[in-house]
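Since the structure comes first, as structure tokens, the remarks are kept for the end.
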Amino acid sequence: ETGVTQSPTHLIKTRGQQVTLRCSSQSGHNTVSWYQQALGQGPQFIFQYYREEENGRGNFPPRFSGLQFPNYSSELNVNALELDDSALYLCASSDLGGDTQYFGPGTRLTVL
Amino acid sequence: KQEVTQIPAALSVPEGENLVLNCSFTDSAIYNLQWFRQDPGKGLTSLLLIQSSQREQTSGRLNASLDKSSGRSTLYIAASQPGDSATYLCAVRHSNYQLIWGAGTKLIIKP
């Protein structure tokens, strides 16, 4: 059973650019959640995908969008990057409604 | 709006001490509460999960309690070790999909 993986590990972008982050779910899980964690803060829920459909969304603007693929892997896309988007982006996989989410190591995004 | 607060923000204790980390939340209508550990460069690891109907959970040297009526949870770590050094976060499940997190307590165990 493989764990949750994320790529890339680190990424540096400039303001206004677009970025795509990727996540591979743990085997057998059909739900992926994405979180943004600013330095010194707890994670903030961005959105969740279940069977390729958005299943819930936190307080993030539409320039944060996502996809889930038939194999349950997922992408997080952020357009028009702002300096405040600099953070650790975490994805977590689970069964829908499952109590336990399994987290990947995260992608550290720096926006200059 | 659910808010989760963790006190203290940082804690440094000598090895071998017992310690308590605190978590408070403003809305008692939760599904469950979890304690996580976060190590630099690694993801979050779930330590203990307490369902809303439960009062406590134990795993090894860790014990977590939940008092929904007062909006509080504590994580008790017995006989602390340098390997326990990490950031500890609590999160409440407030709906069928969303976790709401505290900012964490950074714990340093001095050898």
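Taking strands (runs of 3 or more DSSP E) as the structural unit, those lying wholly within the stretch B:46-105 and holding at least 3 residues that are closer than 29 Å to B:Pro14 by Cβ and either more than 12 Å from chain A (Cβ to nearest Cβ) or among the hydrophobic types (A, V, I, L, M, F, W, C) (or both) correspond to B:56-59, B:62-67, B:72-77, B:86-93. One residue stands out in the stretch B:35-45 among those that are more than 10 Å from every other protein chain (Cβ to nearest Cβ) and in contact (Cβ under 8 Å) with a residue 12 or more places away in the chain: the one that is nearest to A:Leu88 (Cα to Cα), namely B:Arg37. Could you check, for the stretch A:62-72, whether at least one of its residues is within 14 Å of chain B (Cβ to nearest Cβ) and surrounded by fewer than 17 Cβ atoms within 10 Å (Cβ to Cβ)? No; the residues of the stretch A:62-72 include none that is within 14 Å of chain B (Cβ to nearest Cβ) and surrounded by fewer than 17 Cβ atoms within 10 Å (Cβ to Cβ). Is there a residue in the stretch A:93-100 that is more than 14 Å from every other protein chain (Cβ to nearest Cβ), under 15 Å from the mean Cα position of the chain (by Cα) and of a type in the set (S, T, N, Q)? Scanning the stretch A:93-100 turns up no residue that is more than 14 Å from every other protein chain (Cβ to nearest Cβ), under 15 Å from the mean Cα position of the chain (by Cα) and of a type in the set (S, T, N, Q). Within the stretch A:10-54, restricting attention to residues that are among the small types (Gly, Ala, Ser) and not in a strand (DSSP E or B), the residue that is farthest from B:Ala91 (Cα to Cα) is A:Gly16.
Of everything in the stretch A:73-88 that is surrounded by fewer than 22 Cβ atoms within 10 Å (Cβ to Cβ), within 13 Å of the chain's Cα centre (by Cα) and not acidic (Asp, Glu), the residue that is farthest from the other protein chains (Cβ to nearest Cβ) is A:Asn77. Against the list (1) assigned to a strand (DSSP E or B); (2) at pLDDT 95 or above, the condition A:Pro61 fails is (1).
Note on the stretch A:22-54: among residues that are within 14 Å of A:Gly98 (Cα to Cα) and within 9 Å of chain B (Cβ to nearest Cβ), the one that is surrounded by the fewest Cβ atoms within 10 Å (Cβ to Cβ) is A:Tyr50.
Yes/no matrix, rows are residues, columns are (1) touching a Leu at 6+ places or on another chain (Cβ under 8 Å); (2) within 29 Å of B:Ala9 (Cβ to Cβ):
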{"site": "A:Ile12", "(1), (2)": "yes, yes"}
{"site": "A:Glu82", "(1), (2)": "no, yes"}
{"site": "A:Ser93", "(1), (2)": "no, no"}
{"site": "A:Gln101", "(1), (2)": "yes, yes"}
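The values are calculated or read from the model by the stated rules, or taken from the named source; none is laboratory data. The structure displayed is predicted, hence computed values, not measured ones. As a convention, Cβ positions derive from the backbone with ideal geometry for all residues, glycine included, and neighbour counts pool all protein chains shown.
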